[in-house]
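The values are calculated or read from the model by the stated rules, or taken from the named source; none is laboratory data. The shown structure was predicted, so the numbers you read here are calculated from the model rather than taken from an experiment. All Cβ positions, even for glycine, are placed from backbone atoms using ideal geometry, and neighbour counts span all protein chains on display. Accessible surface is based on the protein model in full, side chains and every heavy atom, while ligands, DNA and RNA are left aside. Shrake-Rupley method; radii C 1.70, N 1.55, O 1.52, S 1.80 Å.
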Amino acid sequence: MKIIAESSSTRTEWSLVDGTEVVEHAFTTGINPYFQSRREISHSVRLALPETFFKRRWSHIFFYGAGCANKEKCKIVESSLVAQFKTPVTVESDLLGAARGLLVRKPGLACILGTGSNSCLYNGKEIVKTVAPLGFILGDEGSGAYMGKTMLADMLKGLAPADLTEAFFEQFMVTPNTLLDSVYNNGLVSRVLSQYSTFLAGHIDEPYCHDLVYNAFIRFFERNLTAYDYHTQSVNFVGSTATRYSDILREAAADFGIKIDKLIQYSMPGLIEYHAKD
C-alpha cells in the first residue's frame, strides 16, 4: 500500500491506497515549503492526519505540492514526511500532480486555477513546457488570490459598487484597517486573498462580480495559454476556482477560442489511477 498526497497552499488531500482502492482518505491544511519550515510541516501532518496513516511503514509516499518547484524546497517536504512516516518519499510539484490527475498518461495542457494558478504542457509522463506563475504579486492570473486582490483594491479605492463594498465589510466583519492588516501582516497572504474572493461567488449575478471573474480568466489565457499551441492541444483545468466559476470559465474560454476538455476540482482520482501499478 502507498500514500498519495496532493497539496495546494490551502488544503492537502491524502489517500492511503491499495492499487486503486482507497483504504483511508483525509484532508488537512495546505503545505507549502516557501511559507513553512520542516518542523511546522511535520507538526501539521502529525496532528491532523488520522492515526491509520501512521500504523506501519508503507511501500512509498507520492507527494505533489505547491511550492515544490526546486530540489531545495522539495527536500524540506521530503525530510518532514520521512521523519513522520519512516517511508520512502517522492516529492513533485503540484503542477505535475495536476497534469497526471487530469490527463493520467495522455498528453495535453494542464491548468491549475485554485488559490494560485499555473499551467504546463504534459507529454503523458512529465512536464515538457511551462510558464512561470510568479505568485499572487506578479502573476497567478485567474486564481482566487488574484481575484481577491483585485476586488479588495477596487473596494478600498472606491471603484467597486458601494452596495457591494458595504455587503462585503458586513459579511466578513472587517474594517478597511483590519482588512489591510490581515493582508500585509500575514504569512499566508494568498490564502487570505482567496478566501475573501469567495464573496464574488455569492454575488455573481452582479455585473461587477461577473466581469471581474471573467476578466481574470481572460488575463490567465492572455498571459499563460498563448505561450502554448493551445489550438491543437487538449486543454484541461483543475482547482476550486475553476469549478466555483465553471460557467464563466467556459464562457471566457469560448470567447478566447479555447475548447475545454476536462474541468475537475480535485486531482486525486487521476493520481490514484496513474500510480496504481507503481
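Residue-wise test of (1) among the aliphatic types (A, V, I, L, M); (2) closer than 19 Å to S190 by Cα.
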position	(1), (2)
T12	no, yes
D18	no, no
P33	no, yes
A69	yes, yes
A99	yes, no
V104	yes, no
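Table: residues versus (1) of a type in the set (A, V, I, L, M, F, W, C); (2) over 23 Å from Y34 (Cα atoms).
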{"position": "D94", "(1), (2)": "no, no"}
{"position": "G124", "(1), (2)": "no, yes"}
{"position": "K129", "(1), (2)": "no, no"}
{"position": "P133", "(1), (2)": "no, no"}
{"position": "L164", "(1), (2)": "yes, yes"}
{"position": "M173", "(1), (2)": "yes, yes"}
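Among D255, D278, which is the only one that is among the acidic types (D, E), farther than 23 Å from S15 by Cα and either in contact with a Leu (Cβ under 9 Å, 6 or more places away or on another chain) or open to solvent by 40 Å² or more (accessible area, probe 1.4 Å) (or both)?
D255
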Self-check item: Candidate set from segment 141-168 (those that are under 28 Å from T226 (Cβ atoms) and of a type in the set (D, E)); member that is surrounded by the fewest Cβ atoms within 10 Å (Cβ to Cβ)
Solution: D154
Quiz item: Going through segment 134-184 one residue at a time, which ones are β-branched (V, I, T) and either in contact (Cβ under 8 Å) with a residue 12 or more places away in the chain or not in a helix (DSSP H, G or I) (or both)?
Solution: T150, V174, T175, V183
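Would you tally the residues in segment 219-234 being aliphatic (A, V, I, L, M) and either out of contact with any Phe, Trp or Tyr (no Cβ under 9 Å at 6 or more places or on another chain) or open to solvent by 80 Å² or more (accessible area, probe 1.4 Å) (or both)?
1
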Self-check item: Odd one out for Y64 among (1) under 27 Å from R244 (Cα atoms); (2) part of a helix (DSSP H, G or I); (3) not acidic (D, E)
Solution: (2)
Self-check item: Every pair of residues 6+ apart whose Cβ atoms lie under 8 Å, when the first sits in segment 247-267 and is hydroxyl-bearing (S, T, Y) while the second is in a helix (DSSP H, G or I)
Solution: Y266/G101; S267/G97; S267/A98; S267/R100; S267/G101; S267/L102
Exercise. Scan segment 193-201 and give yes if some residue there is surrounded by 15 or more Cβ atoms within 10 Å (Cβ to Cβ), under 16 Å from G67 (Cβ atoms) and modelled with pLDDT under 95, otherwise no.
Key: yes
Practice problem: Please go through segment 67-108 and pick out each residue that is assigned to a loop (DSSP other than H, G, I, E, B), open to solvent by 10 Å² or more (accessible area, probe 1.4 Å) and touching a helix residue (DSSP H, G or I) at 6+ places or on another chain (Cβ under 6 Å). | Solution: G67, V104
Practice problem: Determine which member of the set L134, L121, L138 is on the phi > 0 side of the Ramachandran plot and open to solvent by 30 Å² or more (accessible area, probe 1.4 Å). | Solution: L134
Quiz item: Quick one: in segment 77-132, which of the residues that are touching a residue at least 60 places away in the same chain (Cβ under 8 Å) and of a type in the set (S, T, Y) is nearest to K149 (Cα to Cα)?
Solution: T115
Quiz item: Only one of (1) open to solvent by 20 Å² or more (accessible area, probe 1.4 Å); (2) assigned to a loop (DSSP other than H, G, I, E, B); (3) polar (S, T, N, Q) is not met by S44, so which one is it?
Solution: (2)
Exercise. Quick one: which residue in F27, F35, F63 is of a type in the set (A, V, I, L, M, F, W, C), at pLDDT 95 or above, closer than 22 Å to S117 by Cβ and under 21 Å from the mean Cα position of the chain (by Cα)?
Key: F63
Practice problem: Answer yes or no as to whether S9 is in contact with a Lys or Arg (Cβ under 6 Å, 6 or more places away or on another chain) and either surrounded by 15 or more Cβ atoms within 10 Å (Cβ to Cβ) or in a helix (DSSP H, G or I) (or both). | Solution: yes
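Restricting to segment 66-95, name every residue that is of a type in the set (A, V, I, L, M, F, W, C) and within 20 Å of the chain's Cα centre (by Cα). I'd like the intermediate steps shown before the answer.
Start the filter on segment 66-95 by keeping residues that are of a type in the set (A, V, I, L, M, F, W, C), which leaves 66, 68-69, 74, 76-77, 81-83, 85, 89, 91, 95.
Within segment 66-95, A66, C68, A69, C74, I76, V77, V91, L95 meet the criteria.
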